[in-house]
Protein chains: 2
Amino acid sequence: MSAIDPLVQANREFAQSFAGGLPGTPARKIAVVTCMDCRIDPVRALGVSVGDANVIRNAGGLIVEDTLRSLAISQRKLGTTAIMVIQHTRCGLSTYDDAEFRAELEAETGVAPPWGPSPFGAQEDNVRTAVEQLRTSALLPYTDDVRGFVFDVDTGLLTEVTQ
Amino acid sequence: MSAIDPLVQANREFAQSFAGGLPGTPARKIAVVTCMDCRIDPVRALGVSVGDANVIRNAGGLIVEDTLRSLAISQRKLGTTAIMVIQHTRCGLSTYDDAEFRAELEAETGVAPPWGPSPFGAQEDNVRTAVEQLRTSALLPYTDDVRGFVFDVDTGLLTEVTQ
């Protein structure tokens, strides 16, 4: 049995009370960039609703080329004007060394990882760097309302790092 | 006033009933790849809970290099063994031409987009391509339970494209 079957079954129940008809342009004009971590439920943690915000997630909540692609589309095609960057405590990326992981991957698979190095330092520094990358990006028309946070996976609280 | 302030305020209320202490290894051993679209709330739509699944999101729910980086970390460091790829109806990416968007970006900013082209065709074809990319990736140790779906943003229902 596939681990996915129970989720497909649960979706049928979910759909019974689903209200569709919303536009793809986020009502709150916000894009959220955060980590793929299983302990983060951005919609609930930020008190938003379906239809309110674009949500971009990757390992670490990093600003990589593809994050910029998504944000450029979010701002230029879907009308968002603000960005929240949310990294978090006890992140998986802080539990191992990026260079070692890359070497291990290449040794095991014979394939060099096609993505670039993503060294991961102290959380607050990572968030400051990410916010700076966005505020100075020529590809984004709206960079005034870009703010960075750390989400505590044990208390559920956001702490702002940079305003 | 920043558009982000109400979300920070809502987070304080959210945290009052937040139960922490969960590990970063997803309980259901599933990674979900989906679009950043504001109408998708993967946790609710799949009936999962906080702690259950890694969630990776970008514009379109595409399999790009960074998606592989996130999935490699999810499988190799966080113990997931199954992948759901979920794209959706009425996706923003189907409303404009990728090549034109790239040209427009470069003309307006003087900067060529650093990401590669991401042409977007019929939804079912995109999903099939994405699943195939994952099933044949040398970087992922678990490729048996990779399944692709289209989420209908009007009915809330998943339709499986490939099993």
Which residue fluctuates the most in chain A, going by a Gaussian network model with Cα springs under 10 Å, if the choices are A:Ala138, A:Ala19, A:Ala72?
-> A:Ala19
Note to self: C-alpha centroids of segment B:71-147 and segment A:75-134 sit apart, in Å, by 18 Å
The long-range amide H neighbours of B:Arg39, using H built 1.01 Å from N in the peptide plane and a cut-off of under 5 Å, are A:Gly51
Summed over the other residues with a beta carbon less than 9 angstrom from that of B:Asp37, with K and R at +1 and D and E at -1, the charge totals +3
Inter-copy label distances at A:Pro141, 7 Å along the Cα→beta-carbon direction, one decimal in nm, shortest first?
-> 4.6
Work out how far the C-alpha atoms of chain A reach from end to end along every principal axis, then list the three figures in whole Å, largest first.
-> 49, 48, 33
Measuring label to label, 7 Å along Cα→Cβ, what does B:Glu104 give against each other copy in nm, shortest first?
-> 4.3
Name the most mobile residue of A:Pro26, A:Pro113, A:Pro141, meaning the one with the largest mean-square fluctuation, in a Gaussian network model of chain A with Cα contacts below 10 Å.
-> A:Pro113
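Under a Cβ-Cβ cut-off of 9 Å, what is the net charge of the residues other than B:Thr80 that fall near it, where Lys and Arg count +1 and Asp and Glu count -1? Before the final figure, lay out the partial values.
On the way: positive: B:Arg28, B:Lys29; negative: none.
Result for the neighbourhood of B:Thr80: +2.
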Any idea what Rg and Dmax come out to for the protein assembly as shown if you just take the C-alpha atoms, in Å?
-> 18.2, 52
Counting only DSSP beta bridges fully inside segment A:13-163, the antiparallel percentage to nearest 5 is 20 percent
Among residues of segment B:100-115, a drop of 20 Å² or more in 1.4 Å probe accessible area, assembly relative to the chain on its own, occurs for B:Phe101, B:Glu104, B:Leu105, B:Glu108, B:Thr109, B:Val111, B:Pro114, B:Trp115
Compare each residue of segment B:116-151 in its chain alone against the assembly with all protein chains, and report those whose accessible area goes down by 50 Å² or more; 1.4 Å probe, heavy atoms.
-> B:Leu139, B:Arg147
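Share of segment B:24-161's accessible area from carbon and sulfur, percent, 1.4 Å? Working shown, then result.
Details: 2430 of 4880 Å².
In segment B:24-161, the share of accessible area belonging to carbon and sulfur is 50 percent.
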Average accessible area per residue (Å²) across segment A:24-161 - probe 1.4 Å, nucleic acids and ligands excluded | 35 Å²
Expressed as a whole-number percentage, the relative contact order of chain B with C-alpha contacts under 8 angstrom and at least six residues apart is 22 percent
Using only protein heavy atoms and a 1.4 angstrom probe, determine the accessible area buried between A and B, summed over both sides, in Å² to the nearest 100.
-> 7300 Å²
First measure r as the distance between the Cβ atoms of B:Glu100 and B:Gln16, then evaluate 1/(1 + (r/R0)^6) with R0 = 45 Å and state the FRET efficiency to the nearest 0.05.
-> 0.40
Among residues other than B:Thr109 whose Cβ falls under 13 Å from its Cβ, what is the net charge (Lys/Arg +1, Asp/Glu -1)?
-> -1
Taking amide hydrogens as modeled 1.01 Å from N in the peptide plane, which residues meet the under 5 Å criterion relative to B:Val161, leaving out close sequence neighbours?
-> B:Gly148, B:Phe149, B:Val150
FRET efficiency for B:Thr136 and A:Ala122, Cβ-Cβ distance as r, R0 = 41 Å, nearest 0.05?
-> 0.65
With the label set 7 Å along Cα→Cβ, A:Gln9 is separated from its counterparts in the other copies, in nm and shortest first, by 4.3
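The values are calculated or read from the model by the stated rules, or taken from the named source; none is laboratory data. Just so you know, these numbers come straight off a predicted model, no measurement behind them. Cβ atoms come from the backbone with ideal geometry, glycine included; neighbour counts cover every protein chain shown. Just so you know, the surface numbers come from the protein's heavy atoms only, side chains and all, with ligands and any DNA or RNA stripped out. Shrake-Rupley method; radii C 1.70, N 1.55, O 1.52, S 1.80 Å.
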